[in-house]
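Comments concern the structure below.
The values are calculated or read from the model by the stated rules, or taken from the named source; none is laboratory data. Everything quoted here is computed from the prediction, not taken from an experiment. Cβ: placed from backbone, ideal geometry, glycine included. Neighbour counts: every protein chain shown.
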2 protein chains.
Amino acid sequence: MKQSQFFVKTLKEWPSDEENASTRYLLRAGFIDKNSSGVYSFLPMGLRVLEKINKVIREEMNALGASELLMPALISKKYWRATDRWDTEVLYKVKDSSGQEYGLAFTHEEVLTPILKKFISSFRDLPVSFYQIQTKFRDEPRARAGLLRTKEFVMKDLYSFHIDEKDLDLFYWKTADAYKNIFKRLGLEAMVVEAGGGGFTKEYTHEFQVLTEAGEDEIFYCESCDFAQNKEITQAKEGGKCPKCSKGKIKKENGIEVGNIFKLGTRFSDAAGLAYKDKKGQTKPVVMGSYGMGPSRIMGALAETNRNEKGLIWPKESSPFRVHLVELEGGHSQAVEVYETLNEAGIEVLYDDRENVSAGEKLTDADLLGIVWRAVASSRTLAENKIELKARNNGESSMVGLETLLKHVK
Amino acid sequence: MKQSQFFVKTLKEWPSDEENASTRYLLRAGFIDKNSSGVYSFLPMGLRVLEKINKVIREEMNALGASELLMPALISKKYWRATDRWDTEVLYKVKDSSGQEYGLAFTHEEVLTPILKKFISSFRDLPVSFYQIQTKFRDEPRARAGLLRTKEFVMKDLYSFHIDEKDLDLFYWKTADAYKNIFKRLGLEAMVVEAGGGGFTKEYTHEFQVLTEAGEDEIFYCESCDFAQNKEITQAKEGGKCPKCSKGKIKKENGIEVGNIFKLGTRFSDAAGLAYKDKKGQTKPVVMGSYGMGPSRIMGALAETNRNEKGLIWPKESSPFRVHLVELEGGHSQAVEVYETLNEAGIEVLYDDRENVSAGEKLTDADLLGIVWRAVASSRTLAENKIELKARNNGESSMVGLETLLKHVK
């Protein structure tokens with residue numbers, strides 16, 4: 001993609017009306033725009049990152065055997081009434097001209113269970129699982145952490161349906177593994193943390209937390225074993241002994257919750273009358289799980305944990321492009337050759353072909369944008385018949401031929 | 001994709017609570033589900049069609065040079081006030097717990113012009129264009145035409161920004177051509193129809209109308225030339241002489257509006273103060289256009305115009321899969337071979353590998369689903385060492401070898 005033909009614009013100044021540091025980076029680099037407190041647009045470069053994140057999520061959800069669908073946001077009051085959530089949990093309510101009331105969906109159990117009721121009747125129809133990547137709305141009084149806590153956000157929600165608790169348990173831990181794969185591929189270190197069941201289950205549920213100062217949750221974890229709990233449920237104390245391994249010390253850090261997994265049991269299938277006939281012909285309630293993940297919050301967490309004073313540093317699978325090709329004076333013919341070679345090899349490249357822009361401005365922009373690899377073509381590199389290739393994460397650069405460049409960036 | 005691992009379920013009966021015929025087909029085939037009047041979910045097969053439509057739209061928008069972004073739905077009252085649309089046009093209003101008011105966006109001029117104000121200052125920055133594929137909300141009292149008229153729907157909206165009317169005009173007609181390409185590729189015949197400017201422009205705007213009885217608009221067009229106008233603006237009379245060519249007779253038919261293109265002039269750039277400096281350094285307002293298209297309504301229009309008594313008939317580029325491979329008794333080894341061959345060739349195939357389902361049920365389902373090509377493997381086809389390949393649109397079938405099959409479905 002040529003920069004002259006794709007909207008890639010950075011701001012000259014750091015935005016002043018944003019408390020969260022990583023969000024200032026995303027704003028400055030032109031990845032997002034703030035519409036109002038807690039409400040953002042994804043500009044073309046930011047949307048590319050969001051789509052990279054979504055791609056990885058889709059691949060791992062499909063590998064779980066889940067089918068993708070898309071449910072609406074405008075959910076009629078009657079569905080929320082049926083599960084007793086209209087008065088207690090629905091946050092944005094709207095009324096149409098005919099007087100019908102709707103709640104903007106922040107979760108979709110109320111929509112999906114009635115759908116399944118139409119299609120499922122036997123143990124042969126189970127297990128089955130569905131996910132969507134869809135816009136959600138939450139009334140968020142604390143909307144001051146940029147992309148980390150917004151009123152409108154992109155969410156992946158997965159729902160699974162089983163014959164019994166045992167089958168749910170199997171799927172639950174398979175999903176935990178899929179979540180780990182997703183975060184690893186995207187370049188995020190996420191810790192599995194025990195959390196409370198919110199009235200649905202007496203067992204622990206699990207959150208995936210990215211430890212960083214900007215996070216708004218508090219996590220207590222053992223420095224030696226895998227014990228980790230959130231503040232709401234833990235009895236562990238900072239500096240105390242780990243209750244699990246009895247050896248390690250307990251540490252406390254802030255975390256960004258990027259995902260959670262949750263056993264729902266029969267709470268929603270009971271409300272919707274979602275049941276199946278087992279092998280003996282007996283009617284039993286379907287057992288459910290739900291599993292959330294926030295692609296737009298993941299983008300914020302990535303920006304939070306991958307940047308330096310010069311700008312963003314995208315990991316490979318979440319980078320908006322694989323290569324940022326920067327043409328400086330005298331480098332045109334070489335740049336065109338690199339551009340065509342990368343395109344032919346199917347490697348996504350952003351080509352800074354802008355005229356009348358100084359070398360300094362181009363390189364500053366490249367650092368702000370933070371694409372994983374930067375390739376520079378100039379009169380100097382032309383003279384050597386090589387390209388200057390630089391990794392954005394460690395800043396190491398070397399002069400390489402076209403074939404070596406291809407090998408590196410693949 | 002194996003049918004045993006992907007959610008493909010049809011209903012045994014035609015739904016009784018839906019007036020619009022094509023929507024009954026989509027419901028019966030399990031492509032969509034009705035949540036409430038005018039609010040639908042896209043089930044996995046339906047979402048695949050929607051994504052095929054979106055893919056074609058994206059390709060043609062990118063070819064225009066437009067950059068994709070994603071804007072929010074929750075738009076603060078202050079933006080609607082600035083353009084005087086809060087009281088007259090915003091239909092769904094929500095209030096958060098802090099008393100802030102928002103309008104659910106049905107269009108995005110109010111969001112995009114303030115963004116561009118941050119990034120655009122010179123004639124060198126223009127022209128530029130942006131599109132998104134995003135969920136829109138409209139208070140729709142007449143929500144009884146299924147997918148053709150909904151309260152929540154998927155929309156592609158494109159906005160363009162120019163130095164003057166002349167440049168806008170060029171882009172306007174380029175976009176009209178892109179629209180024609182999109183509808184042609186998707187298998188929709190859409191007529192370009194003149195319409196009114198809704199107070200924004202004295203010139204005609206243009207709608208893209210699919211002529212069919214189920215449409216809710218009325219179109220007057222000439223049987224000989226390309227004259228076509230909607231009911232609101234026309235002075236032509238059914239059966240009368242065409243005012244343009246003076247030869248043809250005027251016909252009247254119902255139409256489904258699947259797209260529209262619109263010159264906005266400086267209405268929104270004036271309100272947002274979006275201006276640029278021209279070559280002489282003079283400040284001038286940016287001239288805008290906006291261009292809508294409804295992917296979910298297109299899906300409805302496709303279903304309306306492509307079906308027979310047995311079910312849906314998807315055109316090639318909008319079909320959820322390219323091939324529906326149906327395994328009947330004795331056809332297992334052959335089906336597996338076809339499945340692997342198609343997958344290797346990168347051809348999307350839905351493989352009905354269900355056990356304990358009768359041949360009749362499988363073939364009835366295949367007709368309901370309406371995938372463009374159907375391939376049947378059975379003991380009979382095995383004996384001939386050929387596959388039965390049938391085109392869903394004309395019902396013609398032939399016995400073909402694997403290579404011929406590949407050639408046909410590519």
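If you go through the stretch A:115-133 and keep only what is facing chain B (nearest Cβ under 9 Å), surrounded by fewer than 18 Cβ atoms within 10 Å (Cβ to Cβ) and not aromatic (F, W, Y), you end up with A:K118, A:R124, A:D125. Looking only at the stretch A:76-92, count every residue that is facing chain B (nearest Cβ under 7 Å) and either at pLDDT below 95 or in contact with a helix residue (DSSP H, G or I) (Cβ under 6 Å, 6 or more places away or on another chain) (or both) and tell me the total. So the count comes out to 1.
Return the residue satisfying two criteria in turn: it lies in the stretch A:156-189 and is of a type in the set (A, V, I, L, M, F, W, C) and not in a helix (DSSP H, G or I), and of such residues it is nearest to A:H206 (Cα to Cα). Here the answer is A:L158. The set of residues in the stretch B:135-173 that are facing chain A (nearest Cβ under 10 Å) and within 21 Å of B:H108 (Cα to Cα) comprises B:T135, B:F137, B:R138, B:D139, B:E140, B:T150, B:K151, B:E152, B:F153, B:V154.
Filtering the stretch B:266-308 to residues that are in a loop (DSSP other than H, G, I, E, B), touching a Phe, Trp or Tyr at 6+ places or on another chain (Cβ under 9 Å) and among the charged types (D, E, K, R) leaves B:D278, B:K279. Out of all the residues in the stretch B:205-239, which are small (G, A, S) and either surrounded by 15 or more Cβ atoms within 10 Å (Cβ to Cβ) or at pLDDT below 95 (or both)? Listed by number, the residues that qualify are B:A214, B:G215, B:A228, B:A236.
In the stretch A:134-171, of all residues being under 19 Å from the mean Cα position of the chain (by Cα) and hydroxyl-bearing (S, T, Y), the one that is farthest from A:V39 (Cα to Cα) corresponds to A:Y159. Hey, among A:L91, A:L64, A:L47, A:L104, which residue is closer than 23 Å to B:S129 by Cβ and either of a type outside the set (S, T, Y) or assigned by TED's automatic domain parsing to the domain that holds A:A366 (or both)? Result of the check over A:L91, A:L64, A:L47, A:L104: A:L47. Only one of the numbered conditions (1) surrounded by 14 or more Cβ atoms within 10 Å (Cβ to Cβ); (2) modelled with pLDDT of 95 or more is not met by A:G360, and that is (1). Within the stretch B:5-31, restricting attention to residues that are under 20 Å from A:Y159 (Cα atoms) and facing another protein chain (nearest Cβ under 10 Å), the residue that is surrounded by the most Cβ atoms within 10 Å (Cβ to Cβ) is B:V8. Taking each residue of the stretch A:357-380 that is touching a residue at least 60 places away in the same chain (Cβ under 8 Å) and looking for partners that are of a type outside the set (V, I, T) and part of a helix (DSSP H, G or I) with beta-carbon atoms closer than 7 Å, six or more apart or interchain, yields A:L368/A:R28; A:L369/A:M45.
Only one of the numbered conditions (1) under 27 Å from B:Y131 (Cβ atoms); (2) in contact (Cβ under 8 Å) with a residue 60 or more places away in the chain; (3) of a type in the set (K, R) is not met by B:K279, and that is (1).
Scan the stretch A:41-68 for residues that are more than 25 Å from B:L158 (Cα to Cα) and either at the interface with another protein chain (Cβ under 7 Å from one of its Cβ atoms) or touching a Leu at 6+ places or on another chain (Cβ under 7 Å) (or both) and jot them down. Answer for the stretch A:41-68, where residues must be more than 25 Å from B:L158 (Cα to Cα) and either at the interface with another protein chain (Cβ under 7 Å from one of its Cβ atoms) or touching a Leu at 6+ places or on another chain (Cβ under 7 Å) (or both): A:V56, A:M61, A:G65, A:A66, A:S67, A:E68.
Just for strands (runs of 3 or more DSSP E) wholly inside the stretch B:42-153: which have at least 3 residues that are closer than 30 Å to B:P320 by Cβ and in contact with a strand residue (DSSP E or B) (Cβ under 9 Å, 6 or more places away or on another chain)?
Result: B:128-137.
Among the residues of the stretch A:96-106, those identified as more than 8 Å from every other protein chain (Cβ to nearest Cβ) and surrounded by fewer than 18 Cβ atoms within 10 Å (Cβ to Cβ) are A:G99, A:E101.
Residues in the stretch B:337-353 that are among the charged types (D, E, K, R) and surrounded by 16 or more Cβ atoms within 10 Å (Cβ to Cβ): 3 in all. State yes or no: is B:R85 of a type outside the set (S, T, Y) and within 29 Å of B:Y179 (Cα to Cα)? So B:R85 passes the test.
Evaluating A:N394 against the criteria (1) at pLDDT below 95; (2) more than 27 Å from A:I32 (Cα to Cα) leaves one unmet condition, (2).
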